Amino acid sequence: MKPLKPLKPHAEIAEVWPRDGHVRLVGRIHGCPAEGDWRLLLTRRGHTARHLDYPTHVKGDRFESELPIADLVTSEPTGTTGTAEVEVEEWDIHLTDGRARLRAGRQLDDIHGKKKIMVFPEQRVRGLRVRPYYTVKDNLSLECRTERRTEWHTEAAI
């Protein structure tokens, strides 16, 4: 039997509530002291200079935070697919106290491969579809999609 390797400190997600234009997260800080002021930090993948952060209520090692999905609307194009221009942005979720930066995820259960198992509902705001999802490493991220149809110009046959 292989010995278990110790987990890195992280923000262990217990509950994800995507509704009413917000995503509410509840969990526990695992592997480091939970004293001080903590913030929920979202970093746009591939654009690490782009952050959003929100207050986080911490009591003991338990945390709770909420983010409005309208804050994720951006005008920067990111990609193209097929006949419609589909912009996809992914935001990684961390908790930080200014010193430690803990990745949010669900590591302490016996469910591996959550990406294909746990599916959260999407919400829509101003043309943006937002959906929390677990990554292949069982970390929690947000996927944001916009779709803009390209116009088809056809000439009438003479």
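Per-structure values
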{"read-out": "D37 being in a loop (DSSP other than H, G, I, E, B), among the acidic types (D, E), open to solvent by 50 Å² or more (accessible area, probe 1.4 Å) and modelled with pLDDT of 90 or more", "value": "yes"}
{"read-out": "Residue within the range 113-124 that is open to solvent by less than 30 Å² (accessible area, probe 1.4 Å) and modelled with pLDDT of 95 or more present", "value": "yes"}
{"read-out": "Of the criteria (1) farther than 23 Å from R145 by Cα; (2) at pLDDT 95 or above, which one G98 fails", "value": "(2)"}
{"read-out": "Tally, over the range 8-20, of residues that are part of a loop (DSSP other than H, G, I, E, B) and touching a strand residue (DSSP E or B) at 6+ places or on another chain (Cβ under 6 Å)", "value": "1"}
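The values are calculated or read from the model by the stated rules, or taken from the named source; none is laboratory data. Bear in mind that the values here come from a model prediction, so they are computed numbers and not experimental data. FYI the Cβ positions are ideal-geometry reconstructions off the backbone, even for glycines, and counts take in every protein chain you see. The protein model used for the area step is the full one, side chains on, heavy atoms only, and it has no ligands, DNA or RNA in it. Shrake-Rupley method; radii C 1.70, N 1.55, O 1.52, S 1.80 Å.
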